[in-house]
Amino acid sequence: MKSVENEPTVYLFAGRKTEAALCSEYIPLISATLNVFVPSEISSFSNLFRYLMEIGAQKSFNLIIDEFQEFFNINETIYSDMQNIWYQYRRRT
């Protein structure tokens, strides 16, 4: 966190909770950190990640996902979903 302390940075901790519970925690944090609207009905991390990529196309920020490996226990498809979303957005975000 020290290396990004003067830059807009979204820090997400992937705790052992349901995917919907994590999204509920992440949404207000993202909204406050980036000063943007994030729909509260987003309940899958893949959809939330896609939304973050859309925001990233308009403003620059860092995304840190701590304990990323925990997503395997939450929803093992998140890895391939994120990879697919990254490929779609990587040139403009």
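Values as computed for the structure displayed
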item	result
Matching residues, region 50-78, being part of a helix (DSSP H, G or I) and modelled with pLDDT of 95 or more	Arg50, Tyr51, Leu52, Met53, Glu54, Ile55, Gly56
Residue that is least open to solvent (accessible area, probe 1.4 Å), among those in region 18-41 that are of a type in the set (Ser, Thr, Tyr) and farther than 16 Å from Ile65 by Cβ	Ser31
Selected residue (criterion: surrounded by the fewest Cβ atoms within 10 Å (Cβ to Cβ)) from residues of region 42-81 that are within 10 Å of the chain's Cα centre (by Cα), farther than 12 Å from Leu12 by Cβ and not aromatic (Phe, Trp, Tyr)	Asn47
Region 1-18 residues that are farther than 21 Å from Val36 by Cα and without any contact (Cβ under 8 Å) to a residue 60 or more places away in the chain, paired with ones that are open to solvent by less than 100 Å² (accessible area, probe 1.4 Å) and in a helix (DSSP H, G or I) (beta carbon under 8 Å, 6 or more apart)	Gly15/Leu22; Gly15/Glu70; Arg16/Glu70; Arg16/Asn73; Arg16/Ile74; Lys17/Glu25; Lys17/Ile74; Thr18/Ile74
Residue satisfying all of: in region 82-93; open to solvent by less than 50 Å² (accessible area, probe 1.4 Å) and farther than 20 Å from Phe13 by Cβ; modelled with the highest pLDDT among these	Ile85
Qualifying residue in region 19-29 (condition: outside any helix (DSSP H, G or I) and of a type outside the set (Phe, Trp, Tyr))	no
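The values are calculated or read from the model by the stated rules, or taken from the named source; none is laboratory data. Predicted, not measured: the structure shown is a model, and the values here were computed from it. Counting neighbours? That spans all protein chains shown, and the Cβs are built from the backbone with ideal geometry, glycine included. Heavy atoms of the whole protein, side chains included, go into the accessibility calculation; ligands, DNA and RNA do not. Shrake-Rupley method; radii C 1.70, N 1.55, O 1.52, S 1.80 Å.
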